[in-house]
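These notes concern the structure reproduced below.
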Amino acid sequence: MIEYSYKTIQSLRYAKYRKNYNKFVIEGKRLIKSALESKINIGPLLCSERFIKENKEWLKKNVKDKSIIKIISEKQSIKISNTKSPSGILTICDIPKKTSLNLNVNKWVYIDKISDPGNMGTLIRTCAWFGINNIALSPGCADPYNPKSIRSAMGAHFGVLLHTDVSLDTFKNSHKIIAADLNGVNVDTYFFPIKCVLVLGNEAHGISNQSRKYVEEYISINKFGIGDSLNVSSAGSILIYLLMKNYKK
């Protein structure tokens, strides 16, 4: 267990320092519990005096090694927290080292220049729920370790492999590349190939020009009501579910 200064912890709210230190912060009982269950390398558990007092049973049940608990003041807890209403428990995790892509994996989700960290986190959470364990991110995406992404993913980071700065052409010889687009074929009647990549594009601009040239087929979600589009995390959730459910067997 490595000790960190409060200044270092505060700096991790910024992408530059997360990259420099190769660390990110998680807060709250649910995320901490996920990290502990995943047995990843974490820093000390920084717990406010109030948290310790109100969560003795939770700590007893979930934290086997009590030596990692470090009590801090309420003032310190507020100072280092990334939220307006700190939960009172926080720790630091390692950002996993980059690994090579395993192109033998059949199903991939490719996130193309998505800019909102909340959407990023929701899509990571959705992939984890439906069994997509490998996610590729294009250059120019929101940082998946942004505090908002971490909160939105609710522990899913500990169950998937995130591959950053990946060009879509990486998959052109091994997988069918399929993208969500309003002008695509109705996904209700579409069966996904065994080996494929589902591309989800930017909230405002859709699939980038760099990626579009590698897309082989486009699919869309049928509209029954009103509205001009779905949020990418909503559309992505529907398509990821169908990707894992409806495929050529």
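The values are calculated or read from the model by the stated rules, or taken from the named source; none is laboratory data. Quick caveat: nothing in here was measured; it's all calculated off a predicted structure. All Cβ positions, glycine included, derive from the backbone under ideal geometry; neighbour counts span all protein chains shown. Note: areas computed on protein heavy atoms with side chains; ligands, DNA, RNA excluded. Shrake-Rupley method; radii C 1.70, N 1.55, O 1.52, S 1.80 Å.
Points worth noting:
- Of the criteria (1) farther than 16 Å from residue 151 by Cα; (2) touching a residue at least 24 places away in the same chain (Cβ under 8 Å); (3) out of contact with any strand residue (DSSP E or B) (no Cβ under 9 Å at 6 or more places or on another chain), which one residue 66 fails: (2)
- Between 46, 90, the distinction of being more than 30 Å from residue 194 (Cβ to Cβ) and in contact with an Asp or Glu (Cβ under 6 Å, 6 or more places away or on another chain) belongs to 90 only.
- The listed residue being at pLDDT 95 or above and farther than 18 Å from residue 154 by Cβ, out of 90, 31, 103: 103
- Residue that is nearest to residue 90 (Cα to Cα) [pool: residues in region 168-193 that are in a loop (DSSP other than H, G, I, E, B) and open to solvent by less than 30 Å² (accessible area, probe 1.4 Å)]: 175
- Single condition residue 187 does not satisfy, out of (1) farther than 30 Å from residue 12 by Cα; (2) without any contact (Cβ under 8 Å) to a residue 40 or more places away in the chain: (2)
- Every residue from region 109-139 that is without any contact (Cβ under 8 Å) to a residue 60 or more places away in the chain and of a type outside the set (Phe, Trp, Tyr): 117, 120, 121, 124, 125, 128, 133, 134, 135, 137, 139
Yes/no matrix, rows are residues, columns are (1) acidic (Asp, Glu); (2) at positive phi; (3) touching an Asp or Glu at 6+ places or on another chain (Cβ under 9 Å):
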residue	(1), (2), (3)
28	no, yes, no
33	no, no, no
38	no, no, no
61	no, no, no
66	no, no, no
70	no, no, yes
74	yes, no, yes
77	no, no, yes
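Quick grid of which residues meet (1) modelled with pLDDT under 95; (2) of a type outside the set (Gly, Ala, Ser); (3) in contact with a strand residue (DSSP E or B) (Cβ under 9 Å, 6 or more places away or on another chain):
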| residue | (1), (2), (3) |
| --- | --- |
| 117 | no, yes, no |
| 123 | no, yes, yes |
| 145 | no, yes, yes |
| 152 | no, no, no |
| 163 | no, yes, yes |
| 168 | no, yes, yes |
| 172 | no, yes, no |
| 180 | yes, no, yes |
| 200 | no, yes, yes |
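- Residue 40 meets the stated requirement of being among the β-branched types (Val, Ile, Thr), at pLDDT below 95, under 30 Å from residue 170 (Cα atoms) and in contact with a Phe, Trp or Tyr (Cβ under 9 Å, 6 or more places away or on another chain).
- Looking across region 204-241, the residues that are in a helix (DSSP H, G or I), open to solvent by less than 80 Å² (accessible area, probe 1.4 Å) and touching a residue at least 60 places away in the same chain (Cβ under 8 Å) come down to 211, 232, 233, 236, 237, 240.
- Residue 249 open to solvent by 20 Å² or more (accessible area, probe 1.4 Å) and either modelled with pLDDT under 95 or touching a strand residue (DSSP E or B) at 6+ places or on another chain (Cβ under 9 Å) (or both): yes
- Residue selected from region 194-203 under the condition farther than 18 Å from residue 122 by Cα and surrounded by 17 or more Cβ atoms within 10 Å (Cβ to Cβ), by the criterion nearest to the chain's Cα centre (by Cα): 197
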